[in-house]
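The values are calculated or read from the model by the stated rules, or taken from the named source; none is laboratory data. For clarity, every value in this text was computed on a predicted model and none was experimentally measured. Cβ coordinates were reconstructed from backbone atoms using ideal geometry, including for glycine residues, and neighbour counts include every protein chain displayed. The accessibility values were calculated without ligands, DNA or RNA, using every heavy atom of the protein model including side chains. Shrake-Rupley method; radii C 1.70, N 1.55, O 1.52, S 1.80 Å.
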Amino acid sequence: MTRREKVLAYLEKHALSIDQGVTTSEISEAIGVLRPNVSKELNQLVREGKIEKINGRPTHYFVNHATKKREIKVEQQKPTIGFAGAAKISEQSIKEHDATNKNEVDVFENMIGSRDSLKNQVEQAKAALLYPPHGLNTLIIGPTGSGKTYFANKMYHFALDREIISKKGFTTFNCADYAHNPQLLMSHLFGYVKGAFTGANSDKDGLIQEADGGMLFLDEVHRLPPEGQEMIFYFMDHGTYSRLGETTKVHHADVRLVYATTEDPESSLLQTFVRRIPIIIQLPDLKQRSAREKLQLLEQLLTLEANRIHKNIRLNEDVVQALLGSVTYGNVGQLKSNIQLVCAQGFLNSMHDKNEITLLFSQLPPNIKDGLSNLADDRKELGNLSRLLEPTMVIKPDAKRGLPEIDSYELPYNLYEIIGDKATLLKDEGLDQTAINNFIMTDINLHLKSFYRQGKLEKIVSSLNEIVDQEIIDLTKQIQRLLQEKEDYPVRDNFIYAMSLHISSFIKRIQSGKPLRHISSDLISMVHDYPDELKIAEHVKDLIEEHYRFPVPESEVYYMAILLVSLKSEPKAGKVGIVVAAHGNSTASSMVQVVSQLLSVDNIVAYDMPLEMSPKVALDGIALQAKNIDRGNGVLLLVDMGSLSTFSSKLTEKTNIHVKTIDMVTTAMVLEAARKTALIDSDLETVYRELREFNGYSRTIEKAKKKKNTVQKKSDHREKAILAICSTGEGTARRIKELLDEILVDNLIDDITVITVSVVTMKEQIAKIQQDYQIVATTGVVNPQLAVPFVSLENLLQGGGESFVSLIEEINNHTAREAVNLEQSESLTEETSQKYLGQYFTFINPAKIVKTLWGYCDFMQQRSNSHLSNAFKISLIMHLAGAIERYLTRSEMSVPDEKLSRIRTDKLYPIVKQANELLRKKFNINLSDDEVYYIVELFNTEKEKIDTQNK
Amino acid sequence: MTMDVRLLRIDSRLLHGQVTTNWAKAVNVNRILVVSDRVARDQTRKTLIVQAAPPGIRVNVITLDKMIRIYHDRRFDILKPMILVEDAVDARCIVEGGIKIDSINIGAISFDDTRVMVTDAIAVNAADVAAFKWFHAHGIKLDVRKVSNDSSKNLWKSLSEKGLV
């Protein structure tokens, strides 16, 4: 008999009605199970509705007979509320709905924004589903957390209601899950036959068959390997497919396919997909949605939490604003996670209150508190919200809203249950309320963070691991917790980096017995302006002393205080905003994406204009973006073509925002604009004037620009330098310098020096350095606010400094770095290959052979069942031309015999032989096996390369 | 310690496919440096060359000037590069700039209006011949091989046979 059964059995014997209710202690004693464990089971049973409780001290429990009948049905499901069972519950409720008024009900009606920001999307979805005879396949595109899965789910329910699909079943598959193992992925999707591979002991149907008559949702479809794409395309076109290990496509399935991706649809991976899919639904990010919708979303998400805890949730205006402002990149998903976090906290703080939990601004975690100032930056949005907001908001549980759908933002366990159990447990152990709260808050943070920032956090820590001991990272985390909980010091993302680097270099110095740093009077006077940080620094010192058991010198406290001051957030207000508007579906947004990733700036937005868009619509759209990004200091509009450059005055008229327009936008120019506006005190006119001069890409101005460049070079003999800044200029900064020097050498950059600088006398040092050096970038614990890019420590350390290198390349090469995208057009590559053939080969006529060689590539692509990049095709064509030339000049390459015999067993060998037939037919050329060896090797090398890249 | 240049190779096609991979493995390099002023300015060719790199080995396209600069810069001593140049003139330029080698590998030099064929894969013009003479005078071996396991031929002999030197 399990513990749960024992508890239930006791209740059924002794507590069959309200007046017979028993207490936790009574049960504990009677069945000999520890009280906390009994409590846990009771809570669980209450949640499942199998028993009920009477509130009071102590709480009494009794068996709930009304629900007993349902029990058998529910038993099969996982009983935790809010996860696995949830979708089924909502399905049930929809079924009930069905009975009354089928066909009339429209599941999209209840979706927030269905009449507003999602109106088009909903129309598209309905059209896609209703299109005769079998509907159209659909691709949903949207940023992380914008609700792609949710939307697909709605589509499914709509289809079910309208009897468009015959069978229940919304099958989801995330292509990223098996992206590293295409064969496994394919076997999941399409199934396999017995003997297809080791371990395939019997035939098995895939998800496609499982979804027959229903809907299949493929998430993160950009991770689907080429083989999978091919098979899915075939299936889309013909409705038939083969299982793994079968040669003929004999299986038939009627499946509605819905795909989703976060990827830019213009990306090469997706282009083939986009061509084949008639309906593309673009979901907006949260920022683009109206204030009313944001509020509705917030209410909805809070209601879900209220349903879970069966209590009202009360919150003030400022909490609402902070929550909405706390969403930085993750859209609705992030909002959901943040709401879960604060509700969990509120739940803990209001456990004594049976009816209501209160969310107080003062108790919010710092990253959510920051939301309020984020929102305050956006006056327009704040204004819109304030109009809609009541001073206090009370959210009541609402059964109609149901329980959350399954999605990746849902925790895989019931958080409130954990809190409840743990609190009871700790209370039983005699801890006081504050201690309990501290304990559990740490837990909540840990749970939530580990869940919803999985990838990101792991990566950061692991990259830090390479340069700092794990012990120090752990100690830093401990310090971080202390500061968060005890000192109310706002800990930001870069804290772990900066602090652990600081501690690590300090400890290294102590251990190596180097002399201690002296304290300058500058430092002392500076620190005395920040008594709070000095106090905290003392605490940190104690922690370090306690951990390492050696005394930390007083001077270190001062440096620590400076570091803490530096790490506090800088107010971000008043930056000039940038709107990039360009023709094409994603031209503007991809430029903006590149720049905001490189410089991590937030004062820039894109506006894409498909060619068919009317100027009127474009003007309105741009006006909206201008309003969004304006921080009161005007907006710079960067456009691609002349007709748009007349918009300035119209925009100013429309929005009352000072707008200046520059045309012929390029990525380099957007970068330049972002750099210049990154300074808080830069004004629109200056930035505009400087950028006009920078604007030199049209032919007429090119000469002038070149001249200017040479003049600049002459006048600027100073060597280029990067500043690495830390509180001492010796510890962290030196580590950064070592790291950067390594990156610079690795990228063969020899004309940039890395100079370390201390925060204390930063201004003077920089002024001095600028006499001899031209500073091109800065990095470190604090942004010195120079007119050059600043790279934060976390960006520097991630990905081996790659973003840093591209930044340096941008600096060194403003104009030339218009990325060459070979994967764009086929005709371009055919032309390109012809051009190169002409340049390098003596005996062959490029115009004559290029078609055949191109056909050779296509043949190989088809037969080897792998996608060949255009760059690889060009290499292959060049290699083949070489082989043909060698054949003609009778100087073919030779290969040792043992290699030759090995290659004959390669699975590509027969395919290459077949491809060579093309050459034989066309030119009467028979390539020797030695040459075949090199062609096969060329393919294998490429494959090896792709494999290592994917790892 | 100076930079250990494992191979200096003349090939008008610079880095291409299997041939380069073969050499990179044979002479054990940790970097491939494509040295050409023309290519360093041509973004498309640069992209193509960088993408054609053998797995695990990085390729940089740099100017002649930079090649000489980093060769003399101690920070870059950790490189064990294979250097690829387009023609003999560029090769001579960097050797004159101080890069120490005792033999030059010649793969292919394409034919054009100014050049005459010397072997089936190598064509030369007056400037090339002048450069090869210079190498010969400095005791640098002119090694003709397409891939590492070909048997080596001496270009000087071929040039002499054609009466070019």
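Calculated on the Cα set of the stretch A:243-363, radius of gyration then Dmax: 21.5, 66 Å. Between amide H atoms placed 1.01 Å from N, distances below 5 Å from B:Lys141 occur with B:Ser103, B:Ile104, all of them 5 or more places distant or on a separate chain. Annotation: the antiparallel percentage among DSSP beta bridges lying fully within the stretch A:119-283 is about 20. Compactness of the stretch A:826-950 was expressed as the Cα radius of gyration divided by 2.2 N^0.38 Å, which yields 1.02. Ligands, DNA and RNA aside, A:His879 has an accessible area near 10 Å² when probed at 1.4 Å.
Projecting the alpha carbon convex hull of the stretch A:168-321 along each direction and taking the average yields 13.2 nm². Here r is the Cβ-Cβ distance between A:Lys616 and A:Thr328 and R0 is 30 Å; the resulting FRET efficiency, rounded to 0.05, is 0.35.
Database remark: amide H of A:Glu356 closer than 5 angstrom to the amide H of A:Asn312 (H placed geometrically; neighbours at sequence offset of 5 or more, or on other chains; Pro and chain starts carry no H). Packing, taken as the mean count of other beta carbons within 10 Å per residue, orders the peptides A:149-158, A:904-913 from highest to lowest as A:149-158, A:904-913.
Protection proxy ranking of B:9-16, A:663-670, by the mean of other Cβ atoms within 10 Å over each peptide's residues and highest first, is B:9-16, A:663-670. Please check the stretch B:1-24 for residues whose accessible area, probe 1.4 Å, is lower by 40 Å² or more when all protein chains are in place than in their chain alone. SASA drop of 40 Å² or more in the stretch B:1-24: B:Arg13, B:Gln18. Modelled this way, with points 7 Å down the Cα-to-C-beta line, the labels at B:Lys80 and A:Lys126 are 6.9 nm from one another.
Averaged over its residues, how many other protein chain Cβ atoms are within 10 Å of peptide B:34-45's Cβ atoms? Mind dumping the intermediate values first?
Values: counts 0, 0, 0, 0, 0, 0, 1, 1, 2, 6, 7, 4.
That average works out to 2.
Interface between chains A and B: roughly 3400 Å² of accessible area buried, both sides summed (probe 1.4 Å, protein heavy atoms only).
Gain in length, A:Gln478 to A:Ser555, computed as 0.36 nm per residue apart minus the alpha-carbon separation, to one decimal in nm? Write down the numbers at each step before the final one.
On the way: separation 77, 0.36 × 77 = 27.72 nm, distance 2.21 nm.
Result for the pair: 25.5 nm of gain on full extension.
Here the Karplus curve 6.51 cos²θ - 1.76 cosθ + 1.60, taken at θ = phi - 60°, turns the phi angles of the stretch A:863-876 into couplings of 6, 7, 6, 9, 7, 9, 6, 4, 4, 5, 4, 4, 4, 4 Hz, with x standing for Gly and Pro. For A:Leu431, the accessible area of its heavy atoms, probed at 1.4 Å with every protein chain present, is near 50 square angstrom.
Counted over the stretch B:7-161, the DSSP beta bridges are approximately 15% antiparallel.
Kirkwood hydrodynamic radius of the stretch B:7-161 from all distinct Cα pairs, in Å? Mind dumping the intermediate values first?
Numbers: mean 1/r = 0.0635 Å⁻¹.
Over the stretch B:7-161, the inverse of the mean reciprocal pair distance is 15.7 Å.
If you take each beta carbon of peptide B:115-121 and count the beta carbons of other chains within 10 angstrom, what is the mean? Each step should come with its number before you reach the end.
Numbers: counts 1, 0, 2, 0, 2, 8, 6.
The mean count of partner-chain Cβ atoms within 10 Å per residue comes to 3.
Placing a pseudo-label 7 Å from each Cα along the Cα-to-Cβ vector at A:Asp106 and B:Asp150 gives an inter-label distance of 7.3 nm. Note that the stretch A:662-675 has calculated 3J(HN,Hα) couplings of 10, 9, 6, 6, 10, 4, 4, 5, 4, 4, 4, 4, 5, 4 Hz, one per residue in order, obtained from phi through the Karplus relation 6.51 cos²θ - 1.76 cosθ + 1.60 (θ = phi - 60°); glycine and proline are x.
Using the 2.2 N^0.38 Å rule of thumb for compact globular proteins, work out how the stretch B:74-151 stacks up: its C-alpha Rg over that value, please. Numbers along the way, then the final one.
Working: Rg = 13.5 Å, N = 78, 2.2 N^0.38 = 11.5 Å.
Normalised Cα radius of gyration, the stretch B:74-151: 1.17.
For the stretch B:54-80, a decrease in accessible area of 30 Å² or greater in the assembled protein chains relative to the isolated chain, with a 1.4 Å probe, applies to B:Pro55, B:Arg58, B:Lys66, B:Arg69, B:Arg75, B:Phe76.
Rounded to the nearest percent, how much of the accessible area of the stretch A:826-950 (1.4 Å probe, protein heavy atoms only) is carbon and sulfur? C and S fraction of accessible area: 48 percent.
Shown here are the Rg and Dmax of the Cα trace of the stretch A:207-254, at 10.8, 28 Å.
With r as the distance between the Cβ atoms of A:Arg689 and A:Lys167 and R0 = 60 Å, compute the FRET efficiency 1/(1 + (r/R0)^6) and round to 0.05. The calculated FRET efficiency here is 0.35.
Our coupling estimate for the stretch A:749-754, obtained by passing each phi through the Karplus curve with A = 6.51, B = -1.76, C = 1.60 and θ = phi - 60°, is 9, 10, 10, 10, 9, 9 Hz, Gly and Pro reported as x.
Amide H contacts for B:Leu7 (H built 1.01 Å from N in the peptide plane; partners 5 or more residues away or on another chain; cut-off under 5 Å): B:Ile83. Computed packing ranks the peptides A:255-264, A:241-250 as A:255-264, A:241-250, most packed first, by mean other Cβ atoms within 10 Å. Roughly speaking, to the nearest percent, how much of the stretch A:119-283's 1.4 Å accessible area is carbon and sulfur? In the stretch A:119-283, the share of accessible area belonging to carbon and sulfur is 48 percent. Within the set A:Lys50/A:Lys168; A:Lys575/A:Lys627; A:Lys943/B:Lys146, which residue pairs have Cα atoms separated by over 19 Å? Checking Cα-Cα distances, A:Lys50/A:Lys168; A:Lys943/B:Lys146 exceed 19 Å.
In this label model, B:Thr44 and A:His252 are separated by 4.9 nm, measuring between points 7 Å along each Cα→Cβ vector.
Can you tell me the length gained on complete extension of the stretch A:Val805 to A:Leu888, counting 0.36 nm per residue apart and subtracting the Cα distance? Before the final figure, lay out each step's value.
Details: separation 83, 0.36 × 83 = 29.88 nm, distance 4.48 nm.
Stretched fully, the A:Val805-A:Leu888 segment lengthens by 25.4 nm.
Once all protein chains are placed together, A:Lys119 keeps about 110 Å² accessible to a 1.4 angstrom probe.
How shielded is A:894-900 by partner chains, expressed as the average number of their Cβ atoms within 10 Å of its Cβ atoms?
1
With 22 Å as the limit, the listed pairs A:Lys294/A:Lys396; A:Lys6/A:Lys53; A:Lys873/B:Lys153; A:Lys294/A:Lys336; A:Lys945/B:Lys46 have A:Lys873/B:Lys153 beyond it between alpha carbons.
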